[in-house]
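Worksheet: one structure, shown below.
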Amino acid sequence: MLEAVSTVSKWAIPVFLALVLVIGTLRRVEVFESFVAGAEQGFGLAVKIIPFLVAMIVAISIFRASGAMDILVTVVSPVFNLIGAPAEVLPHAVMRPLSGGAALGIASELIKEHGPDSLIGILVSTMQGSTDTTFYILTLYFGSVGIRKYRYAIASGLTADLTTLFASIFIVTLLYAHLS
Amino acid sequence: MVNYIWLGMILMGVVTAAWNGQIEVVTKAALEGAQTAVTTAFSLIAIMAFWLGIMKIAEEAGLVRVLAFLVRPLIRLLFPSVPRDHPAVGAIVMNLSANMLGLGNAATPMGLIAMNELQKLNSRPDTASEAMCTFLALNTACITVIPSTIIGIRAFYGSADPAMVVGTTLFATTCGMAAAILADQFFRRLYRLRGGGLC
């Protein structure tokens, strides 16, 4: 299992990269010019998330430095131990459906604090990569067409979110438990 | 909601620091946190420029359209209420394909177009239709092939293998998407049984 997952991880990007360039060339796309045109937007996007990151990383580093994080971890650890996950990821799990930028801030701070290749680092990376900002999307999409009654959209969205969260915890603790 | 969580984290931090008799750590942590945020964001320029460049090629080569063609049968199965050649189908397919490729920026405008088209098929304009609920469920839990942002952050903080989370992410998002489809089908039937008028 670990081998299969790490093989996919190793090959996905190089294969995708080569495939896009080959297909692009076959379809007569000016690959270099297109690349540059696309890459140009990278700066603006990265700058746009600075306010989110500042707000969230400031909050979480106060939360951690003051000792409040230790209290939270002590309190929720028994529950998280049942499913085998480190309690440090709780703030991320709570924030993820609400704000993508804020969750990214929490994830960055945890990765910085514990290291990207630690159990917490890998788990929070997977959580950040796989779940989505459910409430934001619901509000934006329904709001854009004036829908006020969401019916069961929130229920199924959150079911999917929780499944993704537990699947992340399951696969990461299964493969990388030896890192903790 | 975000407001209260944010407020809560900072207030609890200040109170705990005061309780522990080390209030000065708050100021230090705040300034260091802001610094970390800016350096992290700047480190993202590299990976974002790279992926947006590659994605632009994919877009212009029509790769999104190829993917759209491949997932068409699935769309017909999940959205029985949407007529075969309705413009909503195209927008839904484009949105979901963009999501799978990790093209978040391309996904949102397409998603808004899809919602607009679905609204034209909706008999009660203030209430979400079944097709809309399905679309939103798929949107919030879509298979992700390459989670590029977090790979960039991992690389910045010195990961030996930044892309090692591609496999775990693929696994988790596959489970999530399956759950989204099942939950959507389940709740749809449940709401039909309850007469549909209840929310």
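Below is a table of values for the structure above.
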| read-out | value |
| --- | --- |
| Carbon/sulfur fraction of accessible area - the protein assembly as shown, other protein chains in place, 1.4 Å, % | 69 percent |
| B:W6, A:W11, reordered so the largest accessible area comes first (probe 1.4 Å) | A:W11, B:W6 |
| Kirkwood-type radius of chain A, with distances r between different C-alpha atoms, in Å | 18.9 Å |
| Per residue, in Å², the accessible surface of the protein assembly as shown once ligands and nucleic acids are set aside, probe 1.4 Å | 45 Å² |
| Percentage, to the nearest whole number, of Cα pairs in segment B:110-155 over 12 Å apart | 69 percent |
| Mean separation of Cα contacts under 8 Å (6+ apart) over length of segment A:49-179, as relative contact order % | 25 percent |
| Rotationally averaged projected area of the protein assembly as shown (alpha carbon convex hull; nm²) | 19.4 nm² |
| Net dipole in debye of chain B [+1 Lys, Arg Cβ; -1 Asp, Glu Cβ; about Cα centre; nearest 20] | 680 debye |
| Where Rh is the Kirkwood radius over Cα pairs, Rg/Rh for segment B:126-180 | 1.19 |
| Under 23 Å from the Cα of A:K48 - lysines, other chains or at least 8 residues apart | A:K112, B:K56 |
| Estimated buried accessible area (total), pair A and B, 1.4 Å, Å² to nearest 100 | 8100 Å² |
| FRET efficiency, 1/(1 + (r/R0)^6) with R0 22 Å, evaluated for B:R84 and A:R27 via beta carbons | 0.20 |
| Chain B - mean residue ellipticity at 222 nm from DSSP helices (-39,500 (n - 2.57) per run, n ≥ 4, rounded to 500) | -26000 deg cm²/dmol |
| Most to least accessible of A:F63, B:F171 (protein chains only, probe 1.4 Å) | B:F171, A:F63 |
| If the convex hull is drawn through the Cα atoms of segment B:42-125, its volume per residue in Å³ | 99 Å³ |
| Average other protein chain Cβ within 10 Å of Cβ, residues A:8-16 | 6 |
| Within segment A:49-179: Cβ-based charge dipole about Cα centre, in debye rounded to nearest 20 (Lys, Arg +1; Asp, Glu -1) | 500 debye |
| Check: the protein assembly as shown dipole with +1 on Lys, Arg Cβ and -1 on Asp, Glu Cβ, in debye | 1240 debye |
| Volume per residue of the C-alpha convex hull in segment B:35-193, rounded to whole Å³ | 136 Å³ |
| Calculated from backbone phi, Karplus (6.51, -1.76, 1.60) coupling profile of segment A:159-165 in Hz, x at Gly/Pro | 4, 5, 4, 5, 4, 4, 4 |
| Length-normalised contact order for segment B:61-199 - Cα pairs under 8 Å, 6+ apart - percent | 20 percent |
| Shielding of A:89-96 by partner chains, average beta-carbon count, 10 Å | 1 |
| Translational diffusion of segment A:33-120, µm² s⁻¹ [Kirkwood Rh, Cα pairs; Stokes-Einstein; 37 °C; 0.692 mPa s] | 225 µm²/s |
| 10 Å Cβ neighbours from other chains, averaged over peptide A:67-79 | 2 |
| Counted charge near B:T39, where neighbours are those whose Cβ lies closer than 14 Å (Asp, Glu -1; Lys, Arg +1) | -1 |
| Interchain or long-range residues, amide H under 5 Å from A:V145's placed H | none |
| Net charge, B:Y191 excluded, C-beta distance under 12 Å - Lys, Arg +1, Asp, Glu -1 | +4 |
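The values are calculated or read from the model by the stated rules, or taken from the named source; none is laboratory data. Quantities reported herein were computed from a predicted structural model and do not represent experimental measurements. Cβ: placed from backbone, ideal geometry, glycine included. Neighbour counts: every protein chain shown. Please note that ligands, DNA and RNA were not included when accessible areas were found on the heavy atoms of the full protein model with its side chains. Shrake-Rupley method; radii C 1.70, N 1.55, O 1.52, S 1.80 Å.
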